[in-house]
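Beneath this line is the structure, given in structure tokens, with notes to follow.
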Amino acid sequence: MHLPNMKDAKVRGQSKVNYIYEDRNYEDIFKGKKYYIRTYGCQMNVHDSEEIKALLEQIGFNETEEMEKADLILLNTCAIRENAHDKVFGFLGRCKHLKKAKKDLIIGLCGCMAQEESVVNEIKEKHPYIDIVFGTHNMNELPSILANLNHKQDIEVYSKEGDVFEFGNLYKRDSKISAWVNIMFGCDKFCTYCIVPYTRGKQRSRKSEDILREVRELKKLGYQEITLLGQNVNAYGKDLDGEIEFSKLLEKVSDIGIPRIRFVTSHPWDFTDEMIDIIAERDNIMPYIHLPLQSGSSRILKLMGRRYTKEEYLTLYHKIRDKVKGASITTDIIVAFPGETEEDFKDTLDVVDECKYDGAFTFIFSPRENTPAALMKDELSLEEKENRLHVLNEKINMYSKESNERMVGTIQKVLVTGVSEKDTNKVCGYTENMKLVNIDASKDTIGKIINVKIEEAKSFSLDGIMVK
Ligand code: 5AD
Ligand code: SF4
């Protein structure tokens with residue numbers, strides 16, 4: 001039996017919560033214990049980990065970056081493609097090894113993979129050393145799951161999503177400069193290849209007043225940038241009666257006055273003219289748009305359930321390019337979807353040639369549990385799939401480099417986020433259109449927006465110097 005989590009959650013955020021269950025204060029159990037969390041996958045998972053960290057710290061845990069020192073190792077997992085599975089179980093092998101020397105080490109798995117029935121069965125049958133498993137719909141039960149652990153594997157996964165519950169913004173945010181803000185959870189689009197509607201549940205938008213309150217708090221805390229998060233952000237509000245739509249939400253968030261506002265991920269089908277206008281109008285809505293294409297073939301797009309044709313996508317693309325000056329547009333593309341012919345693949349390459357994307361994430365189709373596409377006939381050899389991916393990537397990299405080269409000689413506003421990974425004497429940050437720049441400037445620029453003259457373009461980054 002576990003704590004009724006809703007009661008607890010209600011008071012979180014305003015003040016510290018005393019978790020008490022059967023007369024035991026959770027802090028007495030966990031004070032001084034260390035946790036190590038490893039996060040796989042998208043920004044939603046990164047942000048979920050920020051919430052899990054806060055939950056653990058409320059009950060006395062401290063974070064460690066060294067897994068060998070941890071009393072609790074938690075893997076927040078991703079299920080979008082099959083290779084994520086191999087990575088996670090590879091890492092769990094290392095954890096199992098550690099547990100041999102440290103008997104009371106707790107090993108936990110959460111996130112999207114925990115929502116997959118086959119994964120849960122595999123854990124029950126083959127991985128008894130995994131102590132706890134919890135899903136995406138009951139993260140907030142973690143404290144009570146831990147407090148009630150009694151040497152038996154505890155699997156607590158809800159198959160159905162609950163209502164959106166306001167947690168009072170209890171996060172241990174990784175950055176003091178740039179923050180994630182969830183605006184919605186789940187997805188109703190059911191693209192035929194995608195597991196997200198099954199692992200994250202149906203679309204649930206947060207109320208705009210709650211989002212705006214969170215953004216105001218972030219402004220007070222001095223955040224320079226926020227990113228509105230959701231699997232399908234521009235479908236925001238459609239599941240709530242009388243709620244404002246995404247373009248209006250953008251406008252209201254922009255009014256609060258945080259210097260930089262971003263959002264991911266948009267679906268082309270939900271992209272409205274009002275959205276384009278507000279992005280073009282407002283200086284603090286950044287000119288960076290991630291616009292997943294998935295395939296350039298109208299026939300494959302139909303099989304994918306994407307709700308647009310190649311022509312409709314291109315029309316939208318050009319509308320955005322015309323109106324939002326200096327915008328970067330990036331995309332996601334899947335190659336070798338079941339039944340993709342040479343002709344279909346060529347359509348994808350044609351769209352890439354026309355759009356000349358600033359960057360793209362490219363994937364080979366991966367069949368996922370319970371999705372319609374997993375049952376479709378997939379006849380290409382692995383060699384041919386890899387070959388298509390390679391051809392596509394060559395093009396993507398060429399256009400990405402060209403787009404970086406166009407920036408050379410210009411002066412860009414860059415939000416400095418930290419010390420450069422390439423050269424610790426330099427700092428790094430992002431331009432308004434989301435290009436990574438390594439900069440010759442002092443460390444006290446971190447957290448500030450500075451002017452940078454771009455001097456050199458690399459394939460995936462820029463070099464520049466600070467100017468007045
Ligand atoms: N196989 C390959 N790529 C996928 N994506 C989603 N599901 C799959 C799958 N089954 C890609 C899509 C999506 C991105 C986040 O991951 O391109 O936009
Ligand atoms: Fe998956 Fe499609 Fe929803 Fe994106 S819009 S999360 S690809 S189902």
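Bear in mind these aren't lab numbers, they're just calculated from the coordinates by the rules spelled out. Since the structure is predicted, the reported quantities are computational estimates derived from the model, not experimental observations. Note that we place each Cβ from the backbone using ideal geometry, even for glycine, and neighbour counts take in every protein chain shown.
Some values worked out for this structure:
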read-out: Shape category assigned to the stretch 411-467 from the gyration tensor of Cα positions, a/c cut at 1.5; value: rounded
read-out: Residue (of Pro259, Gly237, Tyr193) at the positive-pole extreme of the stretch 119-276, dipole from beta-carbon charges; value: Pro259
read-out: Cross-link partners of Lys377 among lysines (Cα-Cα below 21 Å; sequence separation of 8 or more within a chain); value: Lys302, Lys346, Lys385
read-out: Cα-based shape type of the stretch 5-156, given that a ≥ b ≥ c are square roots of the gyration tensor eigenvalues and the cut on a/c is 1.5; value: prolate
read-out: Potential extension, Glu68-Thr315 segment - 0.36 nm per residue separation minus Cα distance; value: 83.6 nm
read-out: Loop chymotrypsin sites (Phe, Trp or Tyr not before Pro), the stretch 305-337, which have at most 13 other Cβ atoms in a 10 Å radius of their Cβ (DSSP); value: none
read-out: Between the stretch 439-468 and the stretch 332-354, the alpha-carbon center distance in angstrom; value: 36
read-out: Contact order normalised by residue count of the stretch 388-468, Cα under 8 Å, 6+ apart, percent; value: 31
read-out: Sequence of Ser328, Ser159, Ser254 once ranked by neighbouring C-beta atoms within 10 Å, starting from the fewest; value: Ser159, Ser254, Ser328
read-out: Assigned charges on the beta-carbon of Lys, Arg, Asp, Glu; the stretch 342-434 dipole about Cα centre (debye); value: 620
read-out: Distance (nanometres) between label positions extended 7 Å along Cα→Cβ at Glu117 and Trp269; value: 2.5
read-out: Ranked list, fewest to most other Cβ atoms within 10 Å of each Cβ, for Lys33, Lys413; value: Lys413, Lys33
read-out: Sequence-separation-based contact order of the chain, relative, with Cα cut under 8 Å and 6+ spacing, percent; value: 10
read-out: Between helix 342-355 and the chain: long-axis angle, C-alpha atoms, 0 to 90°, nearest 10; value: 80
read-out: Dipole moment magnitude, nearest 20 debye, the stretch 47-112 about Cα centre, only Lys, Arg, Asp, Glu C-beta charged; value: 480
read-out: Residues of type lysines that Lys100 reaches as a straight line, Cα spacing below 24 Å, ignoring anything fewer than 8 places off in the same chain; value: Lys31, Lys33, Lys34, Lys69, Lys87, Lys124, Lys126, Lys152
read-out: Restricting the stretch 40-146 to trypsin sites (Lys or Arg not before Pro) in coil, as DSSP defines it, with at most 15 other Cβ within 10 Å; value: Lys102, Lys103
read-out: Förster radius 35 Å - calculated FRET efficiency between Asn25 and Ser159 (Cβ-Cβ, nearest 0.05); value: 0.65
read-out: Distance (nanometres) between label positions extended 7 Å along Cα→Cβ at Glu456 and Glu209; value: 5.5
read-out: Cysteines not pairable in the chain (beta carbon separation under 4.7 Å absent); value: Cys42, Cys78, Cys95, Cys110, Cys112, Cys187, Cys355, Cys428
read-out: Acute angle (nearest 10 degrees) that the helix 117-126 long axis makes with the longest principal axis of the chain, alpha-carbon atoms; value: 50
read-out: Residue-span extension gain [Asp350 to Lys238] - 0.36 nm each, minus C-alpha spacing; value: 37.0 nm
